[in-house]
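Take a look at the structure below.
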């Protein structure tokens with residue numbers, strides 16, 4: 001197969017509309033007779049609802065109808081969770097779309113107003129009188145387990161949402177080990193903040209019973225599946241469309257009350273209804289990420305060989321279980337806490353805890369950043385304990401090239417890799433030896449530079465459906481692809497993946513163009529419409545290219561297979577004598593007699609003279625279920641300076657060396673790394689959701705929640721190695737989350753390296769100037785830098 | 001609530017327009033809801049993100065923070081007005097060439113800011129460009145390729161001003 005476009009930096013096809021302001025995002029759409037919805041949200045973290053009086057709101061100009069929990073509860077199902085990890089004792093608590101008699105977090109939906117314009121809907125919210133009886137609230141997951149803490153749900157008397165253990169028995173190794181290091185870590189809560197706020201526009205045809213919902217979703221078919229059940233609309237009558245979606249980062253996976261309510265109102269009023277969240281609403285009403293307390297222990301030798309690692313985690317689930325919430329701190333976290341290292345014994349124990357906070361679900365990386373942070377940080381703590389360079393320690397413990405496929409202590413099989421190669425490339429690119437010298441020289445002048453490493457591996461490309469079932473994910477994880485060749489040889493490609501910024505309209509086009517020899521401009525990739533695409537599981541977990549691309553390759557091969565039979569007939573030679581290359585079919589050795597795939601396709605459509613038994617038309621579908629996850633890996637290095645007078649951390653250099661297998665479009669791969677790295681650095685240095693003692697989110701806007709800005713960063717340096725994965729036909733591995741997974745610990749390790757002469761081993765993220773300054777001051781009070 | 005309406009005369013993307021809207025209407029709402037120019041997006045409600053940036057009388061402004069009434073007698077340019085016919089503006093070509101966008105939601109604001117920058121500044125240094133982008137929040141790109149896009153746009157602009165470089169639109173094809 002010739003690969004003309006594979007590996008090329010093809011300019012993105014989606015950009016043509018997006019740079020001209022001609023994207024179609026959900027909120028851009030206007031329908032005749034459309035009404036606007038607004039949602040009243042609880043101002044209390046925990047309260048009983050004594051009474052709701054909507055009479056005054058109902059009389060406001062333009063108001064069509066006001067809905068409360070008691071009005072909808074008999075007509076709507078509850079908001080489900082779709083991940084039930086086995087052996088986790090998961091407490092399935094009811095989550096009504098509108099609170100009926102109790103609210104459990106600030107931002108929980110209490111009433112819905114539908115009005116003729118958005119201002120009227122918003123104004124009417126202020127006329128709804130809710131008589132709340134505030135209750136004590138708890139936002140911290142560790143405190144929530146104390147017996148004196150307020151309880152959220154009858155079904156979970158200790159506030160324990162789940163308790164899950166995995167791994168080997170590590171006790172013996174720990175009791176006999178020469179070196180044991182322990183550290184507790186706080187992985188703070190983050191707010192996803194895709195730039196497009198969530199939105200829903202729903203139209204209902206009361207005569208046919210057909211409903212169309214334009215949603216900001218990463219997985220329209222999952223939304224159709226879940227909403228069909230909640231609304232009681234047959235799945236074939238519900239069409240979900242996600243045309244252009246402005247980023248997701250996990251926050252647009254979940255099925256939310258807001259979109260269900262919008263659909264409910266559209267059906268009830270028989271008018272199109274649109275709801276769009278404000279950014280302030282996003283902060284409280286869209287799922288959050290991370291929020292762990294972790295206790296990590298590592299047992300090793302004095303010579304730097306890691307023998308065992310043990311993790312105990314308290315994960316904040318928020319007030320209710322979000323769609324994928326329970327799977328994030330368990331399956332996606334616990335099974336990979338050994339990271340990229342050959343560690344014989346490992347275990348993880350996780351408590352998922354209910355608190356009076358916004359529900360927590362996937363956020364870019366989902367569980368794997370948390371696991372990677374722990375192992376990469378504890379490796380540095382261990383290195384310092386035994387007086388070894390963290391690079392040397394990593395070199396000793398990284399899984400070796402010849403150990404693949406490698407089965408980790410949890411039974412997960414890592415596909416392929418050369419971890420040392422990425423480390424060596426990073427060291428060479430940075431000239432590590434001179435960086436160390438520079439660091440020492442600066443230190444003599446009381447200037448503090450630090451270098452931090454993260455040699456990560458992640459588990460992505462979700463995933464084999466059999467595994468999905470075994471780990472309690474209430475869906476499949478295969479992907480579908482359809483290739484439709486039109487009579488003129490142009491192609492429409494349908495994928496069950498649902499990209500929202502990742503560029504698959506281009507990369508998938510590249511795959512098809514290469515396999516079928518059709519020009520890229522003759523191919524349109526369609527996604528995000530449940531009526532056009534029969535089925536699919538969407539875009540998350542860095543799965544689209546590995547799984548959706550796999551399905552596409554399979555479909556393309558089937559097209560070639562069929563076309564070859566017709567071509568043989570046209571060429572009047574046996575099928576076995578037909579050669580295929582780049583869209584051309586020809587008898588062996590006679591390329592000059594070639595017929596093109598476009599000509600073959602025309603004949604297939606005309607059907608005038610097809611070989612016996614061959615059906616007319618040229619359209620095939622393929623459903624592809626991968627044999628395993630994929631395991632991208634690499635080495636990230638951060639170089640920082642810390643100003644001892646102000647505590648300010650400055651990122652001086654950032655190098656990402658990643659291996660995601662062969663890159664279809666290196667430009668897009670690099671872009672994914674850039675974005676991921678900046679988000680991960682955001683966690684290390686800037687971002688953090690803060691709740692006060694009453695459960696109020698005090699970091700509830702872009703004024704209070706520090707998003708990374710352009711001027712915080714130096715030029716990002718990227719390098720790649722290419723180790724194909726044997727787990728899918730393209731050999732590709734996911735790359736959407738690697739940056740976020742790798743960068744957070746690299747930066748924290750760098751800051752701790754800079755602060756090492758002050759004796760600082762650990763500080764909680766984000767590493768803000770006051771926190772760093774305070775740590776330096778504390779050290780100075782004890783006698784200053786060593 | 002407020003029922004009062006105002007009449008506004010303004011030019012949008014070179015076209016003179018008269019509209020009568022509630023006095024509280026924001027410029028972003030006038031563009032999106034009244035005029036149907038949905039290329040301008042709204043990403044926050046506190047004037048932080050810059051996604052809604054347009055030009056008003058040659059200045060890059062956050063259209064969510066300006067009342068439509070304040071745009072009376074003004075010339076407003078939005079993303080829909082950047083191109084000259086089928087010829088894309090240098091920043092539009094540069095953003096595609098340098099992969100300066102992913103989801104594309106902040107892109108109209110990013111490009112209006114970038115277009116303003118290259119019209120008024122010729123400083124190609126990263127530091128200067130990163131400072132100039134301070135009014136923008138992008139969650140996808142990590143800004144790296146936006147910075148490169150601005151540098152590329154400066155180069156495109158310079159080429160466009162040189163007569164030999166006419167007819168380079170093929171840069172954006174495919």
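A short reminder: the numbers here are calculations on the coordinates, not readings from a lab. Given the structure is predicted, the values throughout are model-derived calculations rather than measurements. Here the Cβ positions follow ideal geometry from the backbone for every residue, glycine too, while neighbour counts run over all protein chains shown.
Tabulated values for the structure
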{"read-out": "Virtual spin-label span in nm between residue A:349 and residue A:704, 7 Å along Cα→Cβ", "value": "3.6 nm"}
{"read-out": "Length-normalised contact order of segment B:42-84 in % [C-alpha pairs under 8 Å, at least 6 apart]", "value": "34 percent"}
{"read-out": "Additional length obtainable on full extension of the chain from residue A:210 to residue A:764, 0.36 nm per residue less Cα span", "value": "194.3 nm"}
{"read-out": "Length added when fully stretched, residue A:388-residue A:184, from 0.36 nm per residue minus Cα-Cα", "value": "71.3 nm"}
{"read-out": "Ranked packing of A:195-204, A:467-476, most packed first, by mean Cβ within 10 Å", "value": "A:195-204, A:467-476"}
{"read-out": "Using a Förster distance of 25 Å, the FRET efficiency for residue A:690-residue A:780 (Cβ separation, nearest 0.05)", "value": "0.35"}
{"read-out": "Stretchable slack from residue A:717 to residue A:627, in nm (0.36 nm times residue separation minus alpha-carbon distance)", "value": "29.1 nm"}
{"read-out": "For A:240-249, mean number of other protein chain Cβ atoms within 10 Å", "value": "3"}
{"read-out": "Shape category assigned to the protein assembly as shown from the gyration tensor of Cα positions, a/c cut at 1.5", "value": "rounded"}
{"read-out": "Whole-number percent relative contact order across chain B, with pairs defined as alpha carbons under 8 Å at least 6 apart", "value": "22 percent"}
{"read-out": "Test item: A:39-51 mean partner chain Cβ contacts at 10 Å", "value": "0"}
{"read-out": "Shape category assigned to segment B:90-172 from the gyration tensor of Cα positions, a/c cut at 1.5", "value": "oblate"}
{"read-out": "Neighbour-count ranking [beta-carbon atoms within 10 angstrom, fewest first] of B:126, A:14, A:722, A:592", "value": "A:592, A:722, B:126, A:14"}
{"read-out": "Computed over segment B:5-77: relative contact order in percent, which uses C-alpha pairs under 8 Å that are six or more apart", "value": "40 percent"}
{"read-out": "Residue exposure sequence - A:740, A:495 - by fewest surrounding Cβ within 10 Å", "value": "A:495, A:740"}
{"read-out": "Calculated log₁₀ intensity ratio I(q)/I(0) where the Debye formula runs over C-alpha points of segment B:123-164, q = 0.19, 0.22 Å⁻¹", "value": "-0.59, -0.72"}
{"read-out": "Paramagnetic label zone (point 7 Å from Cα along Cα-to-C-beta, residue B:75; backbone N under 18 Å) in segment B:113-155", "value": "B:113, B:115-121"}
{"read-out": "Separation of the residue A:143 and residue B:158 label points, Cα + 7 Å toward Cβ, nm", "value": "5.8 nm"}
{"read-out": "Partner chain coverage, peptide A:20-32 - average Cβ within 10 angstrom", "value": "5"}
{"read-out": "Residues A:60, A:780, B:111, sorted so that the one with the fewest Cβ neighbours within 10 Å comes first", "value": "A:780, A:60, B:111"}
{"read-out": "Global geometry of segment A:488-532, whether rounded, prolate or oblate, following the gyration tensor of its Cα atoms and the 1.5 cut on a/c", "value": "oblate"}
{"read-out": "Value at 222 nm in deg cm²/dmol, rounded to 500, when DSSP H runs of n ≥ 4 in chain A each add -39,500 (n - 2.57)", "value": "-8000 deg cm²/dmol"}
{"read-out": "FRET efficiency, residue A:8 to residue A:55 (Cβ-Cβ, R0 60 Å, nearest 0.05)", "value": "0.40"}
{"read-out": "Residues of segment A:12-56 with amide N under 16 Å of a point placed 7 Å along Cα→Cβ from residue B:33", "value": "A:27-39"}
{"read-out": "Per-pair calculated FRET efficiency, R0 = 22 Å: residue A:648 and residue A:303 via Cβ, rounded to 0.05", "value": "0.05"}
{"read-out": "Peptides A:213-220, A:669-676, B:81-88 ordered by average Cβ neighbours within 10 Å, highest first", "value": "A:213-220, A:669-676, B:81-88"}
{"read-out": "Distance in nm between pseudo-label sites at residue B:7 and residue A:557 (7 Å out along the Cβ direction from Cα)", "value": "7.0 nm"}
{"read-out": "Percent of beta bridges antiparallel (DSSP, the protein assembly as shown, rounded to nearest 5)", "value": "80 percent"}
